[in-house]
Amino acid sequence: MLRGSAFAFRSYGGQRDEVQRNWGLLFAIASVVTPLLLGMAVGAVAAGSVGDGGGGAREGFYSVYVAPWLNPFALAVGVFALACFAYLAAVYLTLESDDEALRNDFRRRGMVAGVAVMVTGVLALALSRGVAPSLQAGLLGAPWASPLHLLTAAAALGGLAALWLGKWRWARIAAAGEVSLILWGWALAQYPYLVPPGYTIEGAAAPAITLELALAALGLGGLVLFPSLYYLFRVFKGRAAQR
């Protein structure tokens with residue numbers, strides 16, 4: 001909410017330098033905190049520590065509701081998520097900007113963030129030992145693990161190379177592919193659990209009739225949503241709008 005409000009007021013509010021700096025600072029802080037907390041929540045869920053703190057009802061409020069999000073593994077996943085967001089943002093903005101100096105600045109930031117994604121990813125995986133052993137076992141020992149890691153590494157190196165060479169569209173494709181593969185790795189390593197260790201995907205699913213009706217509603221909604229999104233992108237991202 002703070003991020004969205006800051007963006008709106010910075011764009012359409014007062015144009016004085018001081019006002020712009022204040023809203024820009026608020027937007028920057030919220031943009032850092034949001035992916036950091038998202039990653040910490042993912043780390044806590046992946047570790048299977050959400051809701052019990054390892055001690056059940058015998059433990060206090062901190063152990064149950066705070067500690068699962070503040071262990072080194074969860075914090076590392078939070079920083080990892082922040083690096084992924086920063087990498088995607090910088091890479092995408094290289095293609096959005098027409099100013100060469102600004103584009104080169106985004107390229108440098110994208111390359112730094114891309115290296116940070118690799119470093120923090122390895123750190124989070126190393127810290128998962130003992131905290132999220134099932135997740136680490138899946139990411140390192142499953143039959144699909146090696147091909148997935150090779151594809152992710154290829155996308156990461158390809159994205160950095162594309163940034164270095166100024167191939168902005170290829171860099172965007174590689175960055176999106178890298179982050180998508182990271183998300184698939186997490187999902188496959190955690191499967192069949194939705195929230196380990198107590199909730200599997202099948203066990204947490206709604207009754208079949210509810211799922212069927214929800215799927216039908218999504219299909220009908222898509223008939224309205226996708227043409228609307230296409231029109232929106234044509235208006236704001238079309239060549240005529242860029243000129």
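The values are calculated or read from the model by the stated rules, or taken from the named source; none is laboratory data. Fair warning: this is a prediction, and the values are worked out from it, not measured in the lab. Every residue, glycine among them, receives a Cβ derived from its backbone with ideal geometry; neighbour counts consider all protein chains shown. Heavy atoms of the whole protein, side chains included, go into the accessibility calculation; ligands, DNA and RNA do not. Shrake-Rupley method; radii C 1.70, N 1.55, O 1.52, S 1.80 Å.
Criterion first (within 29 Å of residue 50 (Cα to Cα), touching an Asp or Glu at 6+ places or on another chain (Cβ under 7 Å) and surrounded by 20 or more Cβ atoms within 10 Å (Cβ to Cβ)) does residue 152 satisfy it? Don't jump to the end; show me each part of the working.
On the way: within 29 Å of residue 50 (Cα to Cα): yes; touching an Asp or Glu at 6+ places or on another chain (Cβ under 7 Å): yes; surrounded by 20 or more Cβ atoms within 10 Å (Cβ to Cβ): yes.
Considered against the rule, which asks whether it is within 29 Å of residue 50 (Cα to Cα), touching an Asp or Glu at 6+ places or on another chain (Cβ under 7 Å) and surrounded by 20 or more Cβ atoms within 10 Å (Cβ to Cβ), residue 152 comes out as yes.
Of everything in the stretch 8-49, what is hydrophobic (A, V, I, L, M, F, W, C), out of contact with any helix residue (DSSP H, G or I) (no Cβ under 6 Å at 6 or more places or on another chain) and more than 23 Å from residue 63 (Cα to Cα)? Give them in sequence order.
8, 19, 25, 28, 29, 32
For residues that are open to solvent by 90 Å² or more (accessible area, probe 1.4 Å) and farther than 26 Å from residue 122 by Cβ, scanning just the stretch 195-208, find the one that is modelled with the lowest pLDDT. Quick ask: steps written out before the conclusion?
Filtering the stretch 195-208 down to residues open to solvent by 90 Å² or more (accessible area, probe 1.4 Å) leaves 197, 199, 202.
Now drop any that are not farther than 26 Å from residue 122 by Cβ, which leaves 199, 202.
Details: 199: 84, 202: 87.
Across the stretch 195-208, the extreme among qualifying residues is 199.
Since residue 190 meets every condition but one in (1) of a type outside the set (D, E, K, R); (2) open to solvent by less than 30 Å² (accessible area, probe 1.4 Å); (3) over 17 Å from residue 50 (Cα atoms), which condition does it not meet?
The number of the failed condition is (3).
With the structure loaded, tell me whether residue 180 is part of a helix (DSSP H, G or I) and within 30 Å of residue 44 (Cα to Cα) or whether it fails that test.
Numbers: part of a helix (DSSP H, G or I): yes; within 30 Å of residue 44 (Cα to Cα): yes.
Answer is yes for this residue.
Step by step: first the residues of the stretch 1-17, then only those that are modelled with pLDDT of 80 or more and assigned to a helix (DSSP H, G or I), then the one that is surrounded by the fewest Cβ atoms within 10 Å (Cβ to Cβ). Which residue is that? Walk me through it before giving the result.
Kept after step one, since they are modelled with pLDDT of 80 or more, are these residues of the stretch 1-17: 1-9.
Okay, now just the ones that are also assigned to a helix (DSSP H, G or I), so 2-9.
Values: 2: 13, 3: 16, 4: 10, 5: 13, 6: 21, 7: 16, 8: 12, 9: 16.
Selected residue: 4.
Exactly one condition in (1) within 22 Å of residue 107 (Cβ to Cβ); (2) among the small types (Gly, Ala, Ser); (3) surrounded by 15 or more Cβ atoms within 10 Å (Cβ to Cβ) is not met by residue 185; state its number.
Residue 185 satisfies all of (1) within 22 Å of residue 107 (Cβ to Cβ); (2) among the small types (Gly, Ala, Ser); (3) surrounded by 15 or more Cβ atoms within 10 Å (Cβ to Cβ) except (1).
What is the residue count in the stretch 158-180 for residues that are more than 18 Å from the chain's Cα centre (by Cα) and closer than 12 Å to residue 107 by Cα?
Here the count works out to 9.
Quick check on my filter: what residues within the stretch 199-233 are of a type in the set (S, T, N, Q) and within 29 Å of residue 48 (Cα to Cα)?
Within the stretch 199-233, the first condition is being of a type in the set (S, T, N, Q), and the residues that meet it are 200, 210, 228.
Hits for the stretch 199-233 are 200, 210.
Name the single residue that is farthest from residue 98 (Cα to Cα) among those in the stretch 139-173 being in contact (Cβ under 8 Å) with a residue 40 or more places away in the chain and out of contact with any Leu (no Cβ under 8 Å at 6 or more places or on another chain).
156
Can you name the condition, by its number, that residue 195 falls short on among (1) in contact with a Leu (Cβ under 9 Å, 6 or more places away or on another chain); (2) touching a residue at least 12 places away in the same chain (Cβ under 8 Å); (3) under 25 Å from residue 50 (Cβ atoms)?
That leaves (1) as the condition not met.
Give the residues of the stretch 160-171 that are more than 19 Å from residue 149 (Cα to Cα), in a helix (DSSP H, G or I) and open to solvent by 40 Å² or more (accessible area, probe 1.4 Å), sorted by residue number. So that I can check it myself, show each step before the final result.
Applying the first criterion (more than 19 Å from residue 149 (Cα to Cα)) to the stretch 160-171 yields 162-170.
Those still in the list that are in a helix (DSSP H, G or I) too: 162-165, 168-170.
Correct list: 164, 165, 169, 170.
Looking only at helices (runs of 4 or more DSSP H) that fall completely inside the stretch 18-133, which ones have 3 or more residues that are out of contact with any Phe, Trp or Tyr (no Cβ under 7 Å at 6 or more places or on another chain) and buried (at least 19 other Cβ atoms within 10 Å of the Cβ)? Reasoning before the result, please.
On the way: elements: 61-65, 72-96, 100-127.
Filter on the stretch 18-133 gives 72-96, 100-127.
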